[in-house]
Amino acid sequence: KARQAMAESGTDIDWGTAEAMAFGSLLLEGNHVRLTGQDVQRGTFSHRHSVVKCQETDEEYTPLNSLARVLSMSAPLEELLKSDTQAQLTVRNSILSEFAVLGFEHGYSLENPNALVLWEAQFGDFVNGAQVMLDQFIAAGEDKWLRQSGLVMLL
């Protein structure tokens, strides 16, 4: 209810609500959004709540996947651009292996250039485990292989 009130009034919008509104607009425009990292479903400081879990059944519900009819990530662009459809939001809590997760997300971003791919290091020091990936692939990748990545790192 608090988020609804913020959206309706257009004032005092907090970070989590602003993020959800931005993601929702991208999804409705047909852009897949993928977010991974430690505890990203709930949000580091309980600000996101992008995936809600039933305490009794452990069933997951992703509210931003209910804006319109969700289409497969491989759906043709003309289908995704229809007003009654949306792209999918994927939010996955990752294991505590920054090197592996960042490497996967970097590769995912290269293969899906029209998707917004975000990796969140819950705390800045978590990124230290991925330093080799940052140096050898992300920072130097364009010079080495002439490929750009749209990977967004939230540190």
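The values are calculated or read from the model by the stated rules, or taken from the named source; none is laboratory data. If you're wondering where the values come from, they're calculated on a predicted model, not measured in any experiment. Cβ sites come from the backbone with ideal geometry, for glycine too, and all protein chains shown count toward neighbours. Only protein heavy atoms, including side chains, enter the accessible area calculation; ligands, DNA and RNA are left aside. Shrake-Rupley method; radii C 1.70, N 1.55, O 1.52, S 1.80 Å.
Structure values in brief
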quantity: Calculated FRET value between V52 and E78, using beta carbons and R₀ = 30 Å, to 0.05; calculated: 0.40
quantity: Alpha-carbon spread of the stretch 9-58, three principal axes, descending order, Å; calculated: 33, 28, 21
quantity: Dipole-positive endmost among Q148, V127, G24 within the chain (Cβ charges, Cα centre); calculated: G24
quantity: Selection from H49, Y108, L67 lying farthest towards where the dipole of the chain points positive, charges on Cβ; calculated: L67
quantity: Counted charge near K53, where neighbours are those whose Cβ lies closer than 12 Å (Asp, Glu -1; Lys, Arg +1); calculated: -3
quantity: Kirkwood-type radius of the stretch 114-155, with distances r between different C-alpha atoms, in Å; calculated: 11.2 Å
quantity: Over the stretch 18-94 - Rg/Rh using Cα atoms and the Kirkwood inverse-distance radius; calculated: 1.00
quantity: S9 accessible area, assembled protein chains, probe 1.4 Å, Å²; calculated: 70 Å²
quantity: 5 angstrom amide H check on R48, placed H, neighbours 5+ away; calculated: G43
quantity: Over 27 Å [Cα-Cα, the chain], rounded percent; calculated: 29 percent
quantity: Solution diffusion estimate, µm²/s, Stokes-Einstein, the stretch 56-109, Kirkwood Rh from C-alpha pairs, 25 °C, viscosity 0.890 mPa s; calculated: 180 µm²/s
